[in-house]
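Everything below concerns the one structure shown next.
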Amino acid sequence: AVVSTQSGHYGRGCLAAIDMRAKTITYYDSLLGDNHQCTNALRDYIAAEHQAKKKSPLDIKNWKLTIEKDIPEQLNGCDCGVFTCKYAEYVSQDKTFDFTQADMPYFRRRMIWEMVNKTLL
């Protein structure tokens, strides 16, 4: 599961990815911030949901919670949403991040085109 999150006072966009098979929760922040509160809350949430839906506890002791730092970094104050969308796209397709801040203008135009044309490229 890919979850859009917020971080900091300004509510900038970040991303968390939950991999139930690998038992991992990975947090992606384009400004390379830390948000252990988010990964801990998501871990607790999936444990509570498992209990509620499956009527059995989920063993979360061995889950790996990661704040990913080896990711493309945002170098301005206005592209967090585009970075979050690109992280989600790449993570959901199991692709290696191969973009930089310099790619953001192209990604913005592409996202607009995709929305207007109701088609993903």
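Given (1) part of a helix (DSSP H, G or I); (2) open to solvent by less than 80 Å² (accessible area, probe 1.4 Å), identify the lone condition not met by Y45. Answer for Y45: the failing condition is (2).
A search for C-beta distances below 6 Å between a residue of the stretch 73-88 that is under 18 Å from I18 (Cβ atoms) and open to solvent by less than 30 Å² (accessible area, probe 1.4 Å) and any residue that is modelled with pLDDT of 95 or more and not in a helix (DSSP H, G or I), counting only pairs 6+ apart in sequence or on different chains, returns Y87/Y28. The sole residue among Y106, Y87 that is closer than 24 Å to T39 by Cβ and aromatic (F, W, Y) is Y87.
For the condition more than 12 Å from C14 (Cβ to Cβ), hydroxyl-bearing (S, T, Y), surrounded by fewer than 16 Cβ atoms within 10 Å (Cβ to Cβ) and under 15 Å from the mean Cα position of the chain (by Cα), T66 qualifies. For the stretch 89-121, a residue qualifies if it is closer than 20 Å to R12 by Cα, open to solvent by 60 Å² or more (accessible area, probe 1.4 Å) and assigned to a loop (DSSP other than H, G, I, E, B), and exactly one does: T100.
The values are calculated or read from the model by the stated rules, or taken from the named source; none is laboratory data. The structure presented is a predicted model; accordingly, all values stated were derived computationally and were not measured. Counting neighbours? That spans all protein chains shown, and the Cβs are built from the backbone with ideal geometry, glycine included. Accessible surface is based on the protein model in full, side chains and every heavy atom, while ligands, DNA and RNA are left aside. Shrake-Rupley method; radii C 1.70, N 1.55, O 1.52, S 1.80 Å.
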